[in-house]
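The values are calculated or read from the model by the stated rules, or taken from the named source; none is laboratory data. Small disclaimer: the values here were computed from a predicted structure and weren't measured. Neighbour counts run over all protein chains shown; Cβ positions are idealised from the backbone, glycine included.
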Amino acid sequence: MLEDDFGREVTGVRVSLTDRCNFDCVYCHNEGLGDTRGPMEPGDSEMSTDDVVRFLEVVEEYDVRKVKFTGGEPMLRQDLEEIIRRTPDSMETSLTTNGTFLPGRAEALKEAGLARVNVSQDALDPQAFAEITKSGAYDKVMEGVRAAVDAGLTPVKLNMVVFEHTAGYVEEMVEHVAENEGLQLQLIEYMPELTGKPEWNIDIDRVHTWLADIADRVERREMHGRRRYFVNSDAASDGSDGGMVEIVDPVENESFCANCHRVRVTHEGYLKGCLNRNDDLRPMGEMTRAEIREAFEATVANRVPYYGEYLVKDDGEWVVNDEYLGVDLDPVTADD
């Protein structure tokens, strides 16, 4: 297993299969790009099925044991089931999706080897959902969540971005996952730099405090140092932990960065050592096994915690560490 100069082992990879999406969420940096008529073969700018599988087979050699497929909307790839079916058996596979294509495909994804899914779900009210996602697909998403649970793609994690438009729905969403078997909730901190709307930001620490007050117990994960809150576990009739709520809070969070164990891959086939940077992208050439190995090793060797290392505090402001000024690692324009 490879580890970077900060002692962080790389145990998982996050692979973007496309930048296309059939939603136009107000907080997203992709804003519904590309042809979204429905699932289709990979486009010219997207890694092929063989490219993705070859990459996964190579990083398996380095004891990478988890892969999450993302987009855009990864279910716009018609070959998704084939990619999952050909993913090395040693890897746990998961998927982040908006859920609109899960009805009719959830069972096939499970049969192909998918372990679980994360579904974007920012509100339980159709009108609010439409305002946030610029989509009328609320019913389809709810159907997709049920299909995923029925297919055994559990726990189904509902991803909710917490900002001015959604903060009022958090309590209802927590109750929803506590009352429905097979669901968990990920509350994701809003990143103003993606939208240019800092006025939409809320204090995520207030959500932590509220959850700590109502939770039966709190745990901390190794991944990113995230806290998990277990709500109504005593009342769970199925003997489970009840509603599990996890907060993903990367903004200005040195602990989050110090506990990051993932490398990302863009849909174009560039390795990316940090979520918040685009100046550390490395191409994998023609994606031969030798080129993948070389690029992966170099990417891990050059991983740097974003907050606390790449950015440091100066008079209360985050500034780029002088050590990294002028560093050029083949920057390109690509979204993850």
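Points worth noting:
- Test: residue in the stretch 148-159 that is under 23 Å from Gly196 (Cβ atoms) and either in contact (Cβ under 8 Å) with a residue 12 or more places away in the chain or among the aromatic types (Phe, Trp, Tyr) (or both): yes
- Residue check for Asp241: at pLDDT below 95 and either in a helix (DSSP H, G or I) or surrounded by fewer than 16 Cβ atoms within 10 Å (Cβ to Cβ) (or both): no
- Taken over the stretch 288-309, the criterion of being surrounded by fewer than 19 Cβ atoms within 10 Å (Cβ to Cβ), of a type outside the set (Ser, Thr, Tyr) and under 20 Å from Ser45 (Cβ atoms) is satisfied by Glu291 alone.
- Test: residue in the stretch 48-71 that is among the polar types (S, T, N, Q), crowded, with 23+ Cβ neighbours inside 10 Å and closer than 18 Å to Thr266 by Cβ: no
- In the stretch 254-275, residue surrounded by the most Cβ atoms within 10 Å (Cβ to Cβ) [restricted to those that are closer than 14 Å to His224 by Cα and without any contact (Cβ under 8 Å) to a residue 60 or more places away in the chain]: Cys257
- Residue match in the stretch 19-30 (condition: β-branched (Val, Ile, Thr), closer than 26 Å to Ala290 by Cβ and either in contact (Cβ under 8 Å) with a residue 24 or more places away in the chain or in contact with a helix residue (DSSP H, G or I) (Cβ under 6 Å, 6 or more places away or on another chain) (or both)): no
- Exactly one residue among Lys134, Lys110 is within 23 Å of Ile84 (Cα to Cα) and in contact (Cβ under 8 Å) with a residue 12 or more places away in the chain, and that residue is Lys110.
- In the stretch 55-102, the residues that are touching a Ser or Thr at 6+ places or on another chain (Cβ under 8 Å) and part of a helix (DSSP H, G or I): Leu56, Glu60, Pro74, Met75, Leu76, Glu82, Ile83, Ile84, Arg86
- Cross-chain or 6+ apart pairs with Cβ under 8 Å, the stretch 61-84 first and within 15 Å of Glu107 (Cα to Cα), then part of a strand (DSSP E or B) and among the polar types (S, T, N, Q): Met75/Thr97; Ile84/Thr93
- Screening Pro283 against (1) surrounded by fewer than 21 Cβ atoms within 10 Å (Cβ to Cβ); (2) at pLDDT below 95 leaves a single unmet condition, (2).
- Count of residues meeting criterion [under 15 Å from the mean Cα position of the chain (by Cα), closer than 22 Å to Tyr190 by Cα and in a loop (DSSP other than H, G, I, E, B)] in the stretch 252-296: 7
- Hits in the stretch 169-193 (condition: surrounded by fewer than 12 Cβ atoms within 10 Å (Cβ to Cβ) and either of a type in the set (Gly, Ala, Ser) or closer than 30 Å to Asn278 by Cβ (or both)): Glu193
- Some residue of the stretch 166-173 being polar (S, T, N, Q), more than 15 Å from Glu246 (Cβ to Cβ) and at pLDDT below 95: yes
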